[in-house]
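Here the structure is laid out as structure tokens; the discussion comes afterwards.
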Amino acid sequence: YIERLHSYLIPLIKQLHFQFPETQIIVAINGYHNAPKQHAFLKEIHTFLDQYSTVSYFDYIEPHGLCTLWNGIVLRSETEKMLLCNEDLKTSRAFRTHLEASGIFSHDFALINGSYSHFMISKKMMKEVGWFDERFPGIGYEDHDYEIRMAIKGHEVTQVNVAGLKNETAVPKDWSYGDDHSVIFGKYSGPNGDHYFKKWDISKTPKEGYT
């Protein structure tokens, strides 16, 4: 989000580059409903990110769904396993030590501290389960969707606790989609909910052959 640039993204990139100096970092820069403001934002963020040789990025003028951003990162990743995270995070100096000691990289998928604000996935898992569904046009329910698809393939969602990582859960006052998307639950896209409930039938009654 544009309003998170100075408060979260810039400090996070500095922290991660210091803690993982040899590691590829990919920044997905979403579009924004105000094109002139987005162009000015891109100029500023490009200038900052270009300082780091291990940091690459891709961007949009028009807003896209979170699934498109996640898939874009996976496509550009040079590694088998990737840590996907939001920008409104803070890490301690010991974060890398805690991350590597957690055993997370022995899995093909793992949620960190119970949140999709930071999770790890492998290309092996994505080859089996598939890409994130880009028919979700905004934010919300894409994580539920992927968990269902994992369960259908027989995979459990591994939970890993990692100290030294704090999710600020900063809700922007003006998000990427403007008035094009209704807001549900304070921070998610109405159209994402529409797609999710059209895609999946949900029942509280267990039935053989269903997840």
remark   = Accessible-area order for Thr79, Thr158, largest to smallest, probe 1.4 angstrom, reads Thr79, Thr158
Dipole-positive endmost among Tyr8, Ile139, Tyr188 within the chain (Cβ charges, Cα centre) = Tyr8
key: Estimated Rh, the chain: Kirkwood, alpha-carbon pairs, angstrom   = 18.3
request  = Quick one: work out the % antiparallel among DSSP beta bridges in region 93-211, nearest 5.
outcome  = 65
task = Give, in nm to one decimal, the length gained when the segment between His144 and Glu62 is fully stretched (0.36 nm per residue of separation minus the Cα-Cα distance).
result = 27.0 nm
query = GluC sites (Glu not before Pro), restricted to region 73-110: which are DSSP loop and have at most 15 other Cβ atoms within 10 Å?
reply = Glu78, Glu80
message = Ordering Leu83, Leu165 by accessible area with a probe of 1.4 Å, largest first, what comes out?
response = Leu83, Leu165
request  = Putting +1 on Lys and Arg Cβ atoms and -1 on Asp and Glu Cβ atoms, find which of Tyr52, Pro21, Ala40 reaches farthest to the positive end of the dipole of region 1-62.
outcome  = Ala40
request  = Provide the solvent-accessible area of Val171, counting protein heavy atoms only and rolling a 1.4 Å probe, rounded to the nearest 10 Å².
outcome  = 80
query = With every protein chain in place, what's the accessible area of Ile202 (1.4 Å probe, Å², nearest 10)?
reply = 110
request  = Of the DSSP beta bridges with both residues in the chain, give the percent that are antiparallel, rounding to the nearest 5.
outcome  = 65
ask   = Per the helix-only calculation at 222 nm, which mean residue ellipticity applies to the chain, given -39500 (n - 2.57) for every DSSP H run of n ≥ 4 and division by its residues, nearest 500 deg cm²/dmol?
value = -10000 deg cm²/dmol
ask   = With the other protein chains left in place, how much accessible area per residue, in square angstrom, belongs to the chain at a 1.4 angstrom probe?
value = 55
query = If you rank Val157, Val129, Val183 by how much accessible surface each has, with a 1.4 Å probe, what is the order from largest down?
reply = Val183, Val157, Val129
inquiry  = What are the ³J(HN,Hα) couplings of region 80-89, residue after residue, when phi is run through the Karplus curve with 6.51, -1.76, 1.60 and θ = phi - 60°? Round to Hz, x for glycine and proline.
reply    = 6, 10, 10, 9, 9, 8, 6, 8, 8, 10
FRET E, pair Glu168, Thr205, Förster distance 45 Å, beta-carbon r, rounded to 0.05 = 0.70
request  = Provide the solvent-accessible area of Tyr60, counting protein heavy atoms only and rolling a 1.4 Å probe, rounded to the nearest 10 Å².
outcome  = 50
message = I want to check the label-to-label distance for Ser106 and Asp179. Put each point 7 Å from Cα in the C-beta direction and report it in nm to one decimal.
response = 5.4
request  = Please report, as a whole percent, how much of the solvent-accessible surface of the chain comes from carbon and sulfur atoms (probe radius 1.4 Å).
outcome  = 52
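The values are calculated or read from the model by the stated rules, or taken from the named source; none is laboratory data. Predicted, not measured: the structure shown is a model, and the values here were computed from it. So basically every Cβ, Gly included, is an ideal-geometry build from the backbone, and we count neighbours across all protein chains shown. What goes into the accessible areas is simple: the full protein's heavy atoms, side chains included, and nothing from ligands, DNA or RNA. Shrake-Rupley method; radii C 1.70, N 1.55, O 1.52, S 1.80 Å.
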